[in-house]
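Here the structure comes first, spelled out in structure tokens, and everything after it is commentary.
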Amino acid sequence: MAHYMAHLPYLTLDYLSTAVILLDEELRVVHLNPAAENLFEVSGKNLTGNFLQMLFADTVQIENAMQRALRDNASYIEHDLMLSTHAHNKLHVRCTVTPVRLDTPCLLLEFHPMDRSLKLAREEQMLDQTQANRLLLRNLAHEIKNPLGGIRGAAQLLEQELEKPALREYTQVIVQEADRLRALMEKLLTPQRNTQHSALNIHEVLERVRSVVLAEMPEGLKIQRDYDTSLPALIGDKEQMIQVVLNIVRNAAQAMHGKGLIILRTRIARQVTLFKKRHRLAVMVQIIDDGPGIPPELRDKVFYPLVSGRADGHGLGLTLAQDFVSQHHGTIEFDSEPGNTRFTVMLPLP
Ligand SMILES: Nc1ncnc2c1ncn2[C@@H]1O[C@H](COP(=O)(O)OP(=O)(O)OP(=O)(O)O)[C@@H](O)[C@H]1O
Ligand SMILES: [Mg+2]
């Protein structure tokens, strides 16, 4: 019975369509599920009890990921992992390493094959989209700004003619709202101020955003830090980066109505391909919240301008964030389900 119980967890793994390898404390293969057997074209039986070197020609990257997961006692994701199996040729995967406790401590390795062309197509689409967004916004802002001047002027003239002072309240509303709209349009129209790229510490950016958002929502909001403090400096525009992170963190805080937990995480990522270019190193910034999640009907379009799920939202926060990140040759993505929303920003390191 005890024997059977011990194997129950492995059995469950066999139902998964994701390729999974389970390693013991000494990093020997305990179990390889059928999806992994398929992906790597090996037999699990032959591998059980052996080291990963039996399977892969080069295990440096993967060992690195395992060490990190063990050190932090948390999941570690290696994006863009190139694996060459002895049996087969090269495989391009994303690998998640998670320390787990079954009857003894183990490491769970999940492998998701990456379709290069799919990823490229998505990135290209994102770049096109960013450019289209920028153009649309500028045109729209321009179209709105002109008549606004007329509306404001007419309201002021009307005000002078009004006999009952009480009615001025209404013209005041027109003038003030016209001013508010104009300020927003100015924001969209001002040509990108000269960006200043210099060495920047991502943790300074995150700390600044953290204090701003905590000041805005003093009650009930927790912002936890999970930083890899050994990260090297990025080259970029600090103000833009602050805006990127602020827009994402603020969205999370707003979605949770100021009550909940936000985690700011930084990690190093190796061998990442962003917009067709391969980078040896990149910084991964994740903003994770335990709020309600992005409404399903918005998931395909949150990066589009003027898409908002909030009554008072402009729907510009994520559009601008995406624009700024792509100016840094980086990408921005998210996964979201109720209780767990995660935005991931990847920024290449020089
Ligand atoms: N962490 C999150 N949790 C739940 N919903 C989110 C989250 N982040 C974004 N959203 C949804 O995506 C929408 C678009 O966000 P975006 O920042 O682009 O615009 P906005 O917040 O509505 O307005 P703005 O930022 O311009 O004031 C939000 O309105 C919200 O519905
Ligand atoms: Mg927003």
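The values are calculated or read from the model by the stated rules, or taken from the named source; none is laboratory data. Computed from a predicted structure; not experimentally measured. Positions of Cβ are generated from backbone atoms using ideal geometry, with glycine treated the same way; all protein chains shown enter the neighbour counts.
Checking Glu78, Glu63 one by one, the residue that is in a helix (DSSP H, G or I), acidic (Asp, Glu) and within 26 Å of the chain's Cα centre (by Cα) is Glu63 and no other.
Regarding Thr229, is this residue free of Cβ contacts under 8 Å to residues at least 40 places away in the same chain, among the β-branched types (Val, Ile, Thr) and not in a helix (DSSP H, G or I)? Yes, satisfied.
Only one entry in Gly309, Gly291, Gly315, Gly339 is within 16 Å of ligand 1 (Cβ to nearest atom), modelled with pLDDT under 90 and assigned by TED's automatic domain parsing to the domain that holds Leu214, namely Gly315.
Within segment 95-115, the residues that satisfy the criterion of being surrounded by fewer than 16 Cβ atoms within 10 Å (Cβ to Cβ) and of a type in the set (D, E, K, R) are Arg101, Asp103, Asp115. Looking at (1) modelled with pLDDT of 95 or more; (2) more than 18 Å from Val325 (Cα to Cα), which one does Glu219 not meet, given that it meets all the others? Condition not satisfied by Glu219: (1).
One residue stands out among those in segment 308-347 that are of a type in the set (A, V, I, L, M, F, W, C) and assigned to a loop (DSSP other than H, G, I, E, B): the one that is nearest to ligand 2 (Cβ to nearest atom), which is Leu316. The set of residues from segment 237-273 being within 9 Å of ligand 1 (Cβ to nearest atom) and either modelled with pLDDT under 95 or of a type in the set (D, E, K, R) (or both) comprises just one member, Arg250. Taking the criterion of being among the small types (Gly, Ala, Ser), within 16 Å of ligand 2 (Cβ to nearest atom) and at negative phi, the only residue of segment 254-289 that qualifies is Ala255. Restricted to segment 171-222, and to residues that are in a loop (DSSP other than H, G, I, E, B) and among the hydroxyl-bearing types (Ser, Thr, Tyr), which residue is surrounded by the most Cβ atoms within 10 Å (Cβ to Cβ)? My answer is Thr195.
Out of Pro305, Pro292, Pro350, which single residue is away from ligand 2 (no atom under 14 Å from the Cβ), in contact (Cβ under 8 Å) with a residue 60 or more places away in the chain and assigned to a loop (DSSP other than H, G, I, E, B)? Write out each step before concluding.
On the way: Pro305 fails: away from ligand 2 (no atom under 14 Å from the Cβ); Pro292 fails: in contact (Cβ under 8 Å) with a residue 60 or more places away in the chain.
Testing whether each residue is away from ligand 2 (no atom under 14 Å from the Cβ), in contact (Cβ under 8 Å) with a residue 60 or more places away in the chain and assigned to a loop (DSSP other than H, G, I, E, B) leaves just Pro350.
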